[in-house]
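Taken together, the values in this text are just the output of simple stated rules run on the coordinates, not laboratory data. What you see is a predicted model, and the numbers here were worked out from it, not measured in a lab. All Cβ positions, even for glycine, are placed from backbone atoms using ideal geometry, and neighbour counts span all protein chains on display.
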Amino acid sequence: MARDRIVERQRVFRQYKEDVKTRGKPFFPYAMLHDTIMSLVVVLVIIGLAVAWKWSVPGHHTGTASGWLGKLYDTPADPGTFNFVPRPDWYFYFLFYLLRIFKWPPSVILGTVGIPTILLLLLLALPFIDVRAERNPLRRPVAMTAAVLTIISMGILTYKGATAKEALGSELIGKVPEWAKEQGFEKNPLALKGARLFAVTGCLNCHTYLGSGNHNLGAPDLSAIGSKNLGIFFQIAHLKCPSCVNHGSPMPSFASQGNANLTALATFLEASKGPH
């Protein structure tokens, strides 16, 4: 069987060479030359668009004015926002939605690394597995069924990922009652508001609080920050301008939250004196 397959491939190759001599051109150098020229044209177009984008903007290097192809710079990101939901580019929506199917931590590695890697390996191996010369779709039921199912699956996952609704900070907000009970501020509405803000404004990207969050850039655990008795005004001043209070602090400013939200956050921090 294997011998017959090799003989057939040799026959097809000889037929290809004869066809090239009589009525065609070989891939090298003709097709390669065409591909090289087209690739060069694409690169030059990209460079031209980049130059036009850069030098059509008034001032060239500063400001947020628009040129022919849009702005060079946008307004600075607000680290304290809790209205923005990060989403991937559209061609990653299918992978984005897999995170909803495979939950962290038990199976997320399988969904985000395992399955895509297996499918990619199968795609790379396909030319070596299917070596038949047959190209009629009706005579390739297995290949056509697999292709159609793949397209439908990718389409459904992409659509579901594009239309998925996000609950801002839902997982961390769910911990607020637990925090309030452990810290003893269940009956303090301002501290509760501050705890909810703390959960959704990205504070736990760097800080830890009662086992939640991350420890990045040397940010301290805030579970017992209130035991230092720094005071509401100090906390507000620190939230508005961290580097002004602690020279060299990498913490971003949360002044955009406004005084009412900053007061709530400060009240929450002062009420955090460690688990009872």
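Numbers below:
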read-out	value
Near-label residues of region 185-209 by backbone N, under 20 Å of a point 7 Å along Cα→Cβ of A260	188-202
For the chain, calculated [θ]222 nm from helices alone, where every DSSP H run of n ≥ 4 adds -39500 (n - 2.57)	-16500 deg cm²/dmol
Options L265, I47, L190, ranked by Cα towards positive dipole end of the chain, top entry (Cβ charges)	I47
Neighbourhood net charge (14 Å Cβ-Cβ; Lys/Arg +1, Asp/Glu -1) for R3	+1
Partnerless cysteines, meaning none of the other Cys C-beta atoms lie under 4.7 Å away, in the chain	C203, C206
Residues E186, E270 arranged by fewest to most Cβ contacts within 10 Å	E186, E270
Options (i) 7; (ii) 17; (iii) 50 - which one matches percent of Cα pairs over 36 Å apart as calculated here	(iii)
At least 24 Å along the helix axis (C-alpha) and Kyte average at least -1.0, DSSP helices within the chain	32-55, 141-163
Sequence-distant lysines (8 or more away, or on other chains) whose Cα lies within less than 28 Å of K165	K103, K175, K193
Dipole magnitude of the chain, debye to nearest 20 (Cβ charges: Lys/Arg +1, Asp/Glu -1, about Cα centre)	1060 debye
Extended-chain gain in nm, criterion 0.36 nm per residue less alpha-carbon gap, I101 and V131	7.3 nm
Extended-chain gain in nm, criterion 0.36 nm per residue less alpha-carbon gap, S249 and S39	70.9 nm
